[in-house]
Amino acid sequence: MTWLRGYAVLYLLFLYAPIILLPIFAFNDSTIIAFPLSGFTTQWFSEIPNTPALVKSVQTSVIIALTTAVLSTTLGICAARAGAKYTFPLKAPILGFIMLPLVLPEIIVAVSMLVVLLALGLPLGSWTVVLGHTLICTPFCIAILNSAFANLDPSLEEAAIDLGETRASTFRLITLPLVMPGIIAAMLISFTISLDEFIIAFFLTGTEPTLPVYLWGQLRFPQKIPVVMALGTILVVLSIILLILAEMARRRGLHRTGTQDSGGFL
């Protein structure tokens, strides 16, 4: 299987080569993004706080990502709980319809939402980006939380109810702590997706662009590219950290329920 290993290595190089080049040029002492490198510098990182529009876009993206994470995880908890515990008419089609944004092209989702919002006469702004991001992040949260609720032993809830707890208090005191690692993983994943998402934000943003939209606009100015590279390096590191934390939370949840790890979030 030597050829298969070689293919895997070439595929990974093709996939991650741009990310590897990002920090290289972020520390390059030149505004020209090309080899050979002219020298080492941290100047571009120090210029990030001195760009008010950039700082504002970061604040906007963080607020939108936090709001999206809370909303999509809350909706994911409700849907995953209903799918794992209850039986109701048209259960499979309804759950499949909820998961549809996973396979729909984001450009279709963005244009459709833009048409609807303009037809209703609603102004574009941060809240419309939150709606769009919640729509695409909720299926990811459901996919993560499905396994958390499916692996939960129902006898634990039944025992709590037999001992006098209400269904609400049982869910709050027993169920939520057991699935909390899955909830944390879902929030971290949705936060990362929202923070990095561009297409929906590009179509639905108002006067306050998110960070990806702002960076896209700055690519027209070559002298701004090194600062963009520096910020991109920070975002890549942040995304990797969040994904590692999400994976640790997911594995901790599987360990607490005694379920065998099948690998990966989905």
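For this structure, a couple of remarks:
- Residue among Thr42, Thr51 that alone is of a type in the set (S, T, N, Q), at pLDDT 75 or above and surrounded by 13 or more Cβ atoms within 10 Å (Cβ to Cβ): Thr51
- Restricting segment 203-222 to residues that are part of a loop (DSSP other than H, G, I, E, B) and of a type in the set (Val, Ile, Thr), the residue that is modelled with the lowest pLDDT: Thr207
- Single residue of Phe35, Phe45, Phe25 found to be assigned to a loop (DSSP other than H, G, I, E, B) and farther than 30 Å from Leu176 by Cα: Phe35
- Considering residues of segment 216-228 that are within 25 Å of the chain's Cα centre (by Cα) and surrounded by 21 or more Cβ atoms within 10 Å (Cβ to Cβ) only, the residue nearest to Ser46 (Cα to Cα): Val227
- Filter result (touching a residue at least 40 places away in the same chain (Cβ under 8 Å), over 11 Å from Met187 (Cα atoms) and part of a helix (DSSP H, G or I)) within segment 48-74: Ala53, Leu54, Lys56, Ser57, Val58, Thr60, Ser61, Val62, Ile63, Ile64
- The conditions of being without any contact (Cβ under 8 Å) to a residue 12 or more places away in the chain and surrounded by 16 or more Cβ atoms within 10 Å (Cβ to Cβ) are not met by Glu106.
- Condition met for Ile200 (surrounded by fewer than 22 Cβ atoms within 10 Å (Cβ to Cβ) and either in a helix (DSSP H, G or I) or among the basic types (Lys, Arg) (or both)): no
- Output for segment 132-170, where each listed residue is in a helix (DSSP H, G or I) and surrounded by fewer than 16 Cβ atoms within 10 Å (Cβ to Cβ): Ala150, Pro154, Ser155, Leu156, Glu158, Ala159, Ile161, Asp162, Arg167, Ala168, Ser169
- Qualifying residue in segment 77-88 (condition: of a type in the set (A, V, I, L, M, F, W, C), at pLDDT below 80 and out of contact with any Leu (no Cβ under 9 Å at 6 or more places or on another chain)): yes
- Verdict on Pro101 being loosely packed, with under 13 Cβ neighbours inside 10 Å and at negative phi: no
The values are calculated or read from the model by the stated rules, or taken from the named source; none is laboratory data. In this text, all values refer to a predicted model and were calculated from it rather than measured experimentally. A quick note on method: Cβ atoms are made from the backbone with ideal geometry, for glycine too, and the neighbour counts reach across all protein chains shown.
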